Amino acid sequence: MVPKWETRLRRQALLRNTHSSTAIEGNKLSLEQVETLSEGKDVIATSKDKQEVLNYIEALEKFPTLTEKRKIKVPDMLNIHRILTKDVMSNTADSGAFRSRQVFVGKRVFEGTGFKEVVEYMPPKTEEVQGLIKEFLDWINIEKTWEINPVLLAGIVHYEIARIHPFIDGNGRTARLLATLILYLSGFDHRRIFALDDYYDRDRQAYYAALKTAQASNGDITKWLEYFTSGVAYSVNEAKETVLKVSSKRKNGQKNQIALTPKQMKIVEYININGKVTNKDLQGLFKISAQAVHKELTKLVDLKVIKAVGEGRAIHYILV
């Protein structure tokens with residue numbers, strides 16, 4: 001892959017993860033609307049649905065700064081929840097805070113002449129939540145824990161957050177985001193080019209059924225991990241096929257993947273989204289001088305990743 005294709009795949013994965021993870025929770029925005037919203041344009045939808053999508057995008061874009069490997073703390077988890085639930089909770093005090101009351105997972109079923117709520121899962125008592133989370137994070141931060149296969153570790157993290165259910169709302173989104181974050185921190189998906197949440201959304205009944213298997217087997221999560229690892233395999237192979245397709249379009253003699261710095265990748269991503277970039281755009285994006293921006297742009301031009309269009313004050317840069 002060349003940087004242009006890598007950034008496009010990363011952007012597509014971000015949008016698909018956002019759409020799928022929020023859709024699982026009832027968000028009605030289509031993938032096309034999610035993409036439109038991510039570009040700063042408005043769509044016809046409820047303010048809650050739009051905010052949920054914007055929150056998830058923000059969390060995914062902040063991946064490199066959310067936490068560190070073996071250093072995941074309670075404030076990190078609360079911050080992740082705060083980002084995901086900003087301006088969408090009925091009570092703003094519940095955003096970025098552990099639950100202060102008992103919750104349950106249920107569904108409405110029709111019985112006789114009306115509907116009733118059936119409890120499908122009763123999480124641990126409210127007073128146990130903080131202790132369970134602390135114990136869980138202490139385990140995650142042990143060096144030996146990170147010797148576990150990263151896919152299995154991500155599956156365990158997803159399940160434990162769903163089991164403890166530490167928040168009033170947003171537990172599913174938090175569990176899915178943390179699982180993806182574990183894959184990123186472990187280096188398994190350091191390029192962030194596959195969309196695992198897409199797999200859950202394609203068959204939600206199978207997703208929920210897999211999560212429930214531990215209840216029926218006295219806490220044994222084998223069946224859940226079988227489902228989870230199958231999902232990762234499916235998602236990775238899907239990304240692989242896409243990579244092979246775009247790689248086959250490379251010109252003969254083209255060099256292998258060009259190694260770019262995080263800042264340079266950010267420039268390529270900016271052009272991917274906006275079509276072009278100017279020196280002034282990047283001064284505002286990175287909070288650096290025009291000279292420093294020019295230096296980065298010159299490097300990318302020399303690498304034949306971007307090219308200049310126009311002259312003088314009208315000059316801007318596009319992807320090659």
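Cross-link partners for Lys212 among the aspartates and glutamates, with Cα-Cα distance under 15 Å and sequence neighbours closer than 8 places in the same chain left out: Glu120, Glu160, Asp203, Asp220, Glu226. Here's the list of lysines a cross-link from Lys307 could span, going by alpha-carbon distance under 21 Å and ignoring same-chain residues fewer than 8 apart: Lys4, Lys249, Lys251, Lys255, Lys263, Lys266, Lys276, Lys280, Lys295, Lys299. The Cβ shell under 12 Å around Thr67 holds other residues with a net charge of +3, Lys and Arg each +1, Asp and Glu each -1.
Net length available on complete extension from Lys28 to His294 is 91.5 nm, with 0.36 nm assigned per residue and the Cα-Cα distance removed.
From its DSSP helices (H runs of at least four residues, each -39,500 (n - 2.57)), the chain gives a residue-normalised ellipticity at 222 nm of -18000 deg cm²/dmol. Here is the size of the chain from its Cα atoms: Rg then Dmax, 21.8, 76 Å.
Backbone phi angles across region 217-226, fed through the Karplus curve with coefficients 6.51, -1.76 and 1.60 (θ = phi - 60°), yield HN-Hα couplings of 10, 6, x, 6, 9, 4, 4, 4, 5, 4 Hz in residue order; Gly and Pro are listed as x.
The share of Cα pairs per 5 Å bin across region 127-253, counted from zero up to the longest distance, runs 2, 10, 18, 22, 19, 13, 7, 4, 3, 2, 1, 0, 0 percent. For the cross-link pairs Lys69/Lys144; Lys50/Lys73; Lys73/Lys287, the ones whose C-alpha atoms lie over 24 Å apart are Lys50/Lys73; Lys73/Lys287. Shown for Asp49, Asp87: other C-beta atoms within 10 Å of each C-beta, ranked fewest to most, produce the order Asp87, Asp49. The fewest-to-most ranking of Glu120, Glu35, Glu127 by surrounding Cβ atoms within 10 Å reads Glu127, Glu120, Glu35. Relative intensity of region 1-44 on a log10 scale, I(q)/I(0) at q = 0.13, 0.20, 0.34 Å⁻¹, equals -0.32, -0.65, -1.14, per a Debye sum over C-alpha point scatterers of equal strength in the absence of solvent. Counting charges near Ala216 (Lys, Arg +1; Asp, Glu -1) among other residues having Cβ under 14 Å from its Cβ returns a value of +1. Under 5 Å from the amide H of Ile306 lie the amide H atoms of Val301, Val320, each residue being 5 or more positions distant or on a separate chain, with H modelled from the backbone and absent for Pro and chain starts. The residue among Val243, Phe167, Ala154 whose Cα reaches farthest toward the positive pole of the charge dipole of the chain, with charges on the beta-carbon of Lys, Arg, Asp and Glu, is Val243.
Sparsely packed loop sites in region 134-219 (the chymotrypsin sites (Phe, Trp or Tyr not before Pro) outside DSSP H, G, I, E and B with at most 11 other Cβ atoms within 10 Å) do not occur. Extension gain, Glu143-Glu311: 0.36 nm per intervening residue step, less the Cα-Cα distance, totals 55.1 nm. For the pair Phe286 and Lys69 in one chain, pulling the backbone fully straight at 0.36 nm per residue adds 75.6 nm over the alpha carbon distance.
None of the figures in this text is laboratory data; all of them are computed from the coordinates on show. As the structure is a prediction and not an experimental result, all values here were calculated from the model. Note that we place each Cβ from the backbone using ideal geometry, even for glycine, and neighbour counts take in every protein chain shown.
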